[in-house]
Amino acid sequence: MHRFILLVPFLAVTLLSSCEKEIELKTKSSKCIVVNALITENEPIEVGVYSGVDFVGRNSSQWLENATLAVYSNGELLEEISGMNTDSSYRTSVVPVVGETYTIKVDCQRYPSATATATVPNKLQVKVLQTDSVRMFVESDGYKTYKSSGEVEISIIDTTSELRYYLLTITGYYYFMKNPDDIKSKWLTPEYNNATAQPTSMSDILTHLFESADVKEIEEKDYILLSNQNWRGKSTTLRFGLSHNSTIPSDITVMSFDEEYYKYFISKELQLSSEEDDLMFGEPVNIYSNVKNGLGLFAGYNLATAKLYSVCDTIYKD
Amino acid sequence: MAFKRPIVMKNIFLILLLFVCAIAQAQKHTISGVVRDAESGELLPSANVYLNSGVGTVTNNYGFFSFTTNQPSVVLNVSYVGYNIFRQTFTIKNDTTVEIKLDSDNQLEEVVVTDNSAQSRLRSPQFNMANITMKEIAQLPTLLGEHDVLKAMQTMPGVGSGADGMTGLYVRGGSPDQNLILLDGAPVYNANHLFGYLSVFNSEAIKSATLLKGGFPARYGGRLSSVLDIQMKEGNANQTHGMASIGLLSSQVAVEGPIDERTSYLVTLRRAYFDIFLWTMCKISDARDGVGKSSAGYHFTDFNAKINHRLDSKSQLFASFYAGTDKFKSRSDFPGGGYDVRDRFKLKWHNQTATLRYNRTLANNLFMNASLIYSRYKYYTKSSVKNNSFYSDYYQFSSAKGESALQDLTAKADFDWYVANNHTVKAGASISRHRFAPEQSAYESGSSKWETAVSDTSYGTKKVKSADLSAFIEDNWTIADNLKANVGVRSTLFGVENRVYASVEPRASLCYLINDNLSVKAAYSRMTQYVHLVSNSSVGLPTDQWLPSTRKIKPETSDQISVGVQYNTPEYEFTAEGFYKKMDNLIEFREGANYMSYRNWEDKLTAGKGTSYGIELMAKRSAGRTTGWVSYTLSWSNRRFAELNGGERFPSKYDRRHDLSIVAMHTFSKKFDVSANWNISSGSHVTLPIARFTDLDGAESVAYSKRNEYRMPLYHRLDVSANYHKRRRRGTATWSFGVYNLYARQNPLYIYADSEGNDWSGENRHFLKKVSALTIVPTISYTFRF
């Protein structure tokens, strides 16, 4: 019986131990051309051209130096350049115009021609309608703490009739504690789930996963993503909660873009979140690409910014 | 339209004529009764009962049969696998009721297994069936010493296993939730112990298990791919018997016997004691690390009980109960960042089923069965962290808990009406209430200085109540001596969220006997499924969610056609079957969604279609000292979802192109028997990372293959076992030895991507890794039966 008892833990350890081993699976070669560019008004078109590499191995994605880039608009060749700049990009002199559609074609030896098309969305405006309030608590030793409890309301003015997506981010600024002249910045987290009194329905809010009318974003993100699906051709207001501890004005930035960038943005978020799980527990997600015969993204955007001033209320503590 | 009236009248006349014929048949004498095991008094379902005239039938689930005859005397033959053939002449003057007791062929000195049921199967329109007796299951090699019904079924053609060593059944390209698993008529929603490595079914409590893969009779419904109907033993009505077994990781006891002349019982209890090993491993780890202390424990328990009471010669009452629980917990206390960090985790899941059943022979040719059935599944998980400061009484904590549950209550009644020797009609109805509470979760955090913040995330969940009403009718129809059919229809109304889904499901099976050794068969069945399991993983995790059809999630449906041929020799049974199954409204998680993301579960899902088709071959030897089978499946299983894989068709992760099992059992003597099982199959499908590239943000991202584009390496393993039985003064002792995966094949459980080195230095190396479990698992157990 004693022998049996000794045998039990030995055998249990044997069977419970799993093993991991590197594995070689024959996969198709995935060498491909990668084309990336975001275009906006008043800035020349600048394109990054890279090589994609097989996943397994030591190689990493590299710039392709000897490609040829051609830019077209309405079927007309605007410019063609060869060779990469010293800053590793292909910079053209073509400055996009709002509403125009541009097509790029990239040729490089050993790769098929890659093409992609993008349009620059029109300019939008952002206005702060209601600012938040900040309380500054000053301790007897001069130590200051801040607490924001206010809500922010902004208006987004973009009267396009096309489907647009908006990415709202807020940058807060803080004095660096050891050196008051040094100001640090960080992205703040708008708390949309605390939002009230929406002039538009909840369905305007696109969560990072679903376009469902009754789904709310509850995971903490440092952005709000929304679309004009229900207010095309009109303006809208957006109210959200914001917690921060600074009296320095924050920057509110709203980036507008089309569905191509939206798909890229969402798929990248999904890939990052799905990579946290093993392949055993979830299906991986591919990052969206609109490049024919390659990978990458060519998309248009436009930006609008506004300053968020906080009303400061100072409280002195004994 | 008047010209149609004569046709209508003619049909009415024909129907009336049929009824008159039926009544006229009823005027003849019937011989009816039940078939029992002589030793235990257990009723024997599916026993082959036939007259010398060639008229034959099989007993129903309660051992009942009935014939009509106008002969003054009949020779009644009864056969059942593992039992001696019963043959007796009866003089028939009136309606006659008999009780037939079959002797087990174990009582013979020679240990030679005989199979009389192969001929019955040859003539039956019911095919698409996995035939393994409990006796065979008891001889098969085991994992961890546990004889497992589900694992035994995986050796049958058309039945695949999921990940290595798991009990999940993947029948004809279907997912595990498409299997209706019934324990005494009660659905079992999570049939897994030990995270899927063992099933909840204790073989000591089981009388029979039948797996249907297609050609479903109308009495079964609610799932698309298979029905596994498990009947618990009733308990020995003549003598008290029992067993006790001790194995490497679990032990069990079972007792059965008579309470009085009319009542018998069965009780089994099984408990695993992984606790001891995990505790030991934690202590070793603590001693090695020298920092903090940890402990972990896991165990499962199963409790089966059944009581069977004969009210009178015509009626019987059964009550059966099953409760199974798995509990895992871990705790660790270690210092970190000026705090004493206390980490706790608990995971618990349990199944409960209860069946109260009343049988009555209403007339010599009419049998009634009424049941009240309850089933419940629940899982609960809680994790918490508390940090106690080393320097003050300050502490901070956070905890998260989640649970999911579902509950069924069903009332049903069905009737077996032996209308004539060539018509046995089964009809019945049931009403069920279902309660689903998926994904209830809550979070709590706070500290000794702050208020506790409680976040109840049940807004992302939705409790759903639903009800269904089903009715069926089927006829076992002997059209001619060599042509039999089972035709029927099932209809269900499923009500949920003020919406009613209705289904009408026609079923038909046909068997044509070409000669005494050869038959051909064909079947069609339409199935509808109103409950769904959503799972990210290829293993059966307790956290997988059972969800009902709702307004957004439509019921799944399938249409399956199958054809087969069976050829019998005195020792061998050969079958070949082909099938084609089309499935609609299948559900999967949307891209990037998983059960852990905090969403309303309906919004995580997307619907699509599927097809599977293939051929299944089997050769089985059930007679002689050496028995066993070889089964081979060649199949395809595909899915198409508008929102997945760019709308393109992709292989299902349950697709196995080739699957071969060879099972051999040899009985040297009554003292010693051995068995082996070798399985080889195509690897599971998997989506792999295939490229790395620089994305728009300048980061290195990964491009994946199309969904399930690649296969894992070939899967194969050999299991062996040996049993040594020794007769003792008070019973029989059995030592069982076995090895699972004898040659230590490292079959992948899953594959993941990894890297080593540094991206910035360019020295980063990316690779794929496989995780294997159960590379070689020895087993030893000791069982004593009295």
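The values are calculated or read from the model by the stated rules, or taken from the named source; none is laboratory data. The structure displayed is predicted, hence computed values, not measured ones. Cβ placement follows ideal geometry from the backbone for every residue including glycine, while neighbour counts extend to all protein chains displayed. Note: areas computed on protein heavy atoms with side chains; ligands, DNA, RNA excluded. Shrake-Rupley method; radii C 1.70, N 1.55, O 1.52, S 1.80 Å.
Note on region B:313-342: residues that are modelled with pLDDT of 90 or more and of a type in the set (Asp, Glu) amount to 1.
Any residue at all in region B:672-689 that's in contact (Cβ under 8 Å) with a residue 24 or more places away in the chain, in a strand (DSSP E or B), surrounded by 15 or more Cβ atoms within 10 Å (Cβ to Cβ) and within 10 Å of another protein chain (Cβ to nearest Cβ)? The answer is yes; a qualifying residue exists.
Can you name the residue in region A:57-74 that is open to solvent by less than 80 Å² (accessible area, probe 1.4 Å) and either within 8 Å of chain B (Cβ to nearest Cβ) or basic (Lys, Arg) (or both) and, of all such residues, is nearest to residue B:689 (Cα to Cα)? That would be A:57. When residue B:774 is tested against (1) at pLDDT 90 or above; (2) in contact with an Asp or Glu (Cβ under 8 Å, 6 or more places away or on another chain), only condition (1) is not met.
Taken over region B:277-319, the criterion of being aliphatic (A, V, I, L, M), in contact with a Leu (Cβ under 9 Å, 6 or more places away or on another chain) and in a helix (DSSP H, G or I) is satisfied by B:278, B:281. Here residue B:623 passes the criteria (1) at pLDDT below 90; (2) surrounded by fewer than 17 Cβ atoms within 10 Å (Cβ to Cβ); (3) closer than 30 Å to residue B:123 by Cα except the one numbered (2).
Among the criteria (1) crowded, with 18+ Cβ neighbours inside 10 Å; (2) modelled with pLDDT of 95 or more, the one residue B:358 does not fulfil is (1).
So that you can scan it fast, the table gives a plain yes or no per residue for (1) over 20 Å from residue B:322 (Cβ atoms); (2) in contact with a helix residue (DSSP H, G or I) (Cβ under 9 Å, 6 or more places away or on another chain); (3) outside the structural domain of residue B:505 (by TED's automatic domain parsing):
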residue	(1), (2), (3)
B:185	no, no, no
B:198	no, yes, no
B:201	no, yes, no
B:207	no, yes, no
B:223	no, yes, no
B:229	no, no, no
B:258	yes, no, no
B:272	no, yes, no
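When only residues in region B:400-421 that are open to solvent by 50 Å² or more (accessible area, probe 1.4 Å) and among the aromatic types (Phe, Trp, Tyr) count, which is modelled with the lowest pLDDT? It comes out as B:417.
Residues in region B:229-255 that are small (Gly, Ala, Ser) and over 29 Å from residue B:129 (Cα atoms): B:237, B:242, B:244, B:245, B:247, B:250, B:251, B:254. For region B:741-758, name all the residues that are on the phi < 0 side of the Ramachandran plot and among the aliphatic types (A, V, I, L, M). Listed by number, the residues that qualify are B:742, B:749, B:751, B:753.
Could you check region B:635-650 and list, in sequence order, the residues that are surrounded by fewer than 20 Cβ atoms within 10 Å (Cβ to Cβ) and touching a Ser or Thr at 6+ places or on another chain (Cβ under 7 Å)? Answer for region B:635-650, where residues must be surrounded by fewer than 20 Cβ atoms within 10 Å (Cβ to Cβ) and touching a Ser or Thr at 6+ places or on another chain (Cβ under 7 Å): B:636, B:638, B:643, B:644. Just one of the numbered conditions (1) within 13 Å of another protein chain (Cβ to nearest Cβ); (2) at pLDDT 85 or above; (3) open to solvent by 10 Å² or more (accessible area, probe 1.4 Å) is not true of residue A:259: (1). Condition first: within 14 Å of chain A (Cβ to nearest Cβ), open to solvent by 20 Å² or more (accessible area, probe 1.4 Å) and within 16 Å of residue B:324 (Cβ to Cβ). Now tell me which residues in region B:274-302 satisfy that. Passing the criteria: only B:299. Go through region B:320-342 residue by residue and tally those that are farther than 28 Å from residue B:201 by Cβ and aromatic (Phe, Trp, Tyr). Number satisfying all stated conditions: 2.
Would you confirm whether or not region B:479-491 contains a residue that is among the basic types (Lys, Arg) and not in a strand (DSSP E or B)? No - not one qualifying residue is present in region B:479-491. Would region A:75-84 turn up any residue that is loosely packed, with under 14 Cβ neighbours inside 10 Å, more than 14 Å from chain B (Cβ to nearest Cβ) and at pLDDT below 85? Yes, region A:75-84 has at least one match. Looking at B:330, B:264, which one is closer than 30 Å to residue B:544 by Cβ and assigned to a strand (DSSP E or B)? Among B:330, B:264, only B:330 is closer than 30 Å to residue B:544 by Cβ and assigned to a strand (DSSP E or B).
Here's the yes/no breakdown for (1) out of contact with any Phe, Trp or Tyr (no Cβ under 7 Å at 6 or more places or on another chain); (2) polar (S, T, N, Q); (3) assigned by TED's automatic domain parsing to the domain that holds residue B:138; (4) surrounded by 15 or more Cβ atoms within 10 Å (Cβ to Cβ):
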position: B:710; (1), (2), (3), (4): yes, no, yes, yes
position: B:718; (1), (2), (3), (4): no, no, yes, yes
position: B:721; (1), (2), (3), (4): no, yes, yes, yes
position: B:726; (1), (2), (3), (4): yes, no, yes, no
position: B:733; (1), (2), (3), (4): no, no, yes, yes
position: B:738; (1), (2), (3), (4): yes, no, yes, yes
position: B:748; (1), (2), (3), (4): yes, no, yes, yes
position: B:754; (1), (2), (3), (4): no, no, yes, no
position: B:757; (1), (2), (3), (4): yes, no, yes, no
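For the residues B:367, B:397, the requirement of being open to solvent by 30 Å² or more (accessible area, probe 1.4 Å), touching a residue at least 24 places away in the same chain (Cβ under 8 Å) and assigned to a strand (DSSP E or B) singles out B:397. Of all residues in region B:727-756, those being among the small types (Gly, Ala, Ser) and facing chain A (nearest Cβ under 8 Å) number 1.
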